[in-house]
Amino acid sequence: MSQNTIETTIPLHATNKGVISISKIDEPYGAGSGTVASIGISLAGIASEPDWKVHIPLENLNDVIEALTKLK
């Protein structure tokens, strides 16, 4: 069974209560599935109940960080 412990919560710009939550999930899709970084967006400020989320395999994380850094 996967464990989702929120590591970081960041206030979401231009919202009253919104947050971005970042966590690491082991075996999110069942036994043997790869670990992912999970990024969630909650407009209501409830990090454990995101309105949107994305899972990024850890193997892709460096490339995603590099691409996001270029946006700055």
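The values are calculated or read from the model by the stated rules, or taken from the named source; none is laboratory data. Predicted model, so just to flag it, every value in this text is computed and none were measured. Please note: Cβ atoms are built from the backbone with ideal geometry, for glycine as well, and neighbour counts cover all protein chains shown. Areas reflect the complete protein model, heavy atoms only, side chains present, ligands, DNA and RNA absent. Shrake-Rupley method; radii C 1.70, N 1.55, O 1.52, S 1.80 Å.
The simple Förster model, with R0 at 30 Å and r as the Cβ-Cβ distance, assigns Ser33 and Lys70 a FRET efficiency of 0.55.
With the highest mean first, a sort of the peptides 12-24, 37-49 on other beta-carbon atoms found within 10 angstrom per residue produces 37-49, 12-24. For the chain, the 222 nm mean residue ellipticity estimated from helices alone, with every DSSP H stretch of n ≥ 4 adding -39500 (n - 2.57) and the total spread over all residues, rounds to -4500 deg cm²/dmol.
Under the criterion of Cα pairs below 8 Å and six or more residues apart, the relative contact order for the chain equals 24 percent.
Modelled label-to-label distance, Val54 and Ile22, 7 Å Cα→beta-carbon offset: nm? If labels sit at Val54 and Ile22, their model points lie 1.3 nm apart. Across the chain, the volume of the C-alpha convex hull divided among the residues equals 85 Å³ per residue. Rolling a 1.4 Å probe across the protein heavy atoms gives the chain an accessible surface of 75 Å² per residue. Considering the zone a paramagnetic label at Thr15 would reach in this model (a point 7 Å from Cα along the Cα-to-Cβ line), which residues of the range 46-60 have amide N under 12 Å from it? Under cut-off, by backbone N: 46-53.
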